[in-house]
Amino acid sequence: MIAALILAGGRGSRLGGADKAFLTMNGQPLIAHLLARLTPQVPTIAISANGDPTRFAAFGLPVLPDLHRGKGPLAGVAAGLAWAADIGAAALLTVPVDTPYIPHNLAERLAPAPSVSCYRGRQHHLAALWPVDCLPMLERFLEPEGKYKVRDFLKLIRARQVSFNAPYDPFLNINTPEDLEAATALQAI
């Protein structure tokens, strides 16, 4: 079974500290747009986020705090892998909350794990499928002090790159007000 994790722990610093999950695009929060694409693909989903988990209560999903504070998005991936192991999943699909246009067949295309999404030669490190059994290796990777680059860990686990073709980047992520405008315009296409 593949479980999914929405990574919603970013600081939104280029958006004035906004909680990206609740940025509105065409009348709905970004997380709702992402869930509409993700829910048909996997049987179970959790949210990776720090802070007050009750802000996500309306979605009825487990909210997982980071296991390794201050170690970036891989801390969320580690929490997700531990949760996925607990529910008996073999792999964990991760997607950032600010990518509302993920492919409708992302989980299927990325299987089997480990794999990572690419669009026009650019790797989208967090739109990836992780084998649950890589958790001990990730724990060791996060032990020493230093920089924790997702791409370095993907390379370590020999993640395969999977290319996606589309008229626009399906992994477009929203980091600025201009990105939100561009994403909103894409919905009309």
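Since every read-out is calculated from the coordinates, none of them should be taken as a lab result. Keep in mind it's a predicted model, so treat the numbers as computed, not measured. Reconstructed Cβ throughout: ideal geometry from the backbone, glycine too, with neighbour counts over all protein chains shown.
Per-structure values
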quantity	calculated
Amide H contacts of residue 64 (H built 1.01 Å from N, under 5 Å, at least 5 apart or other chain)	47, 48, 49
Calculated from backbone phi, Karplus (6.51, -1.76, 1.60) coupling profile of region 101-116 in Hz, x at Gly/Pro	10, 4, x, 5, 10, 4, 4, 4, 5, 7, 5, x, 6, x, 7, 9
Region 74-177: GluC sites (Glu not before Pro) in DSSP coil with no more than 15 other Cβ atoms inside 10 Å	145
Tensor-based shape of region 137-182 (alpha-carbon gyration tensor, a/c under 1.5 rounded, otherwise prolate or oblate)	oblate
Computed Rg/Rh of the chain, alpha carbon atoms with Kirkwood Rh	0.93
Per-residue [θ]222 nm for the chain (sum of -39500 (n - 2.57) over DSSP H runs n ≥ 4, rounded to 500)	-8000 deg cm²/dmol
Extended-chain gain in nm, criterion 0.36 nm per residue less alpha-carbon gap, residue 57 and residue 122	20.0 nm
Relative contact order of region 13-153, pairs being alpha-carbon contacts under 8 Å that are 6 or more residues apart, as %	22
Other-chain or far-sequence residues with amide H under 5 Å of residue 89's (modelled H)	none
Net +/- balance of residues flanking residue 6 in space, Cβ distance below 15 Å, scoring K and R +1, D and E -1	0
Karplus 3J(HN,Hα) series, Hz, for region 169-176 with 6.51 cos²θ - 1.76 cosθ + 1.60 (x for Gly, Pro)	5, x, 10, 3, 10, 9, 10, 9
Net charge of neighbours whose Cβ lies under 10 Å from the Cβ of residue 21, counting Lys and Arg as +1 and Asp and Glu as -1	0
Spacing of the two label points (7 Å from each Cα toward its C-beta) at residue 139 and residue 184, in nm	4.5
Pairwise label distance in nanometres, residue 175 with residue 108, each label 7 Å out on the Cα-Cβ vector	3.2
